[in-house]
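In what follows, a single structure is set out as structure tokens and then discussed.
The values are calculated or read from the model by the stated rules, or taken from the named source; none is laboratory data. As the structure is a computational prediction, the values presented were derived from the model and not from experiment. When we count neighbours, we look across all protein chains shown, and the Cβ atoms used for this are built from the backbone with ideal geometry, even at glycine.
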Amino acid sequence: MKTTTIFLAAAGLVLAITGNGLGADARNGKLLFASPTLGGGTSGKSCLTCHEHGRDLSPETLSRKHYLIMGNPVASLAGVINFCIEVALRGEAIPENGKEMTDLIAYLPILITDTSAKPQ
């Protein structure tokens, strides 16, 4: 029983780190995070412009029930990402259940984990 629990925990960690759960691809999410053309963006900015090294992101970012972005209430993490795409990147919102969104969301825990271990 103990071996099974350890195996399942390790498998869950691998899925979380690689983003390979439910078809999400964290490697692609990382590329999208750096792309100034995400959502057809026209400003020349990418997610990295404001969130380099995970700036302003924390583990709490992934688990909040409500967000307040630039004074605007947003109901979900996907909504926050789309807000940034529309406002900062000057692009079009991407489908909240689409592959690009799931890949971006799969990458965020990796970005946050990589930066939380480093001194600020």
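Odds and ends about this structure:
- Scanning the range 80-96 for residues that are touching a residue at least 12 places away in the same chain (Cβ under 8 Å) and under 15 Å from the mean Cα position of the chain (by Cα) turns up V80, I81, N82, F83, C84, I85, A93, I94, E96.
- Condition met for E86 (acidic (D, E), at negative phi and loosely packed, with under 11 Cβ neighbours inside 10 Å): no
- Tally of residues being small (G, A, S), modelled with pLDDT of 95 or more and assigned to a helix (DSSP H, G or I) across the range 80-120: 1
- Residue in the range 22-43 that is more than 15 Å from E100 (Cα to Cα), surrounded by 14 or more Cβ atoms within 10 Å (Cβ to Cβ) and polar (S, T, N, Q) present: no
- Scanning the range 42-79 for residues that are without any contact (Cβ under 8 Å) to a residue 12 or more places away in the chain, part of a strand (DSSP E or B) and aliphatic (A, V, I, L, M) returns L68, V74.
- Restricting attention to the range 69-79 and to residues that are of a type outside the set (G, A, S) and modelled with pLDDT of 95 or more, the residue that is farthest from the chain's Cα centre (by Cα) turns out to be P73.
- Among the residues making up the range 64-118, those that are charged (D, E, K, R) and over 13 Å from L38 (Cβ atoms) are R64, K65, E96, D114, K118.
- Among residues that are at pLDDT below 95, over 22 Å from N97 (Cβ atoms) and exposed (fewer than 14 other Cβ atoms within 10 Å of the Cβ), H53 is included.
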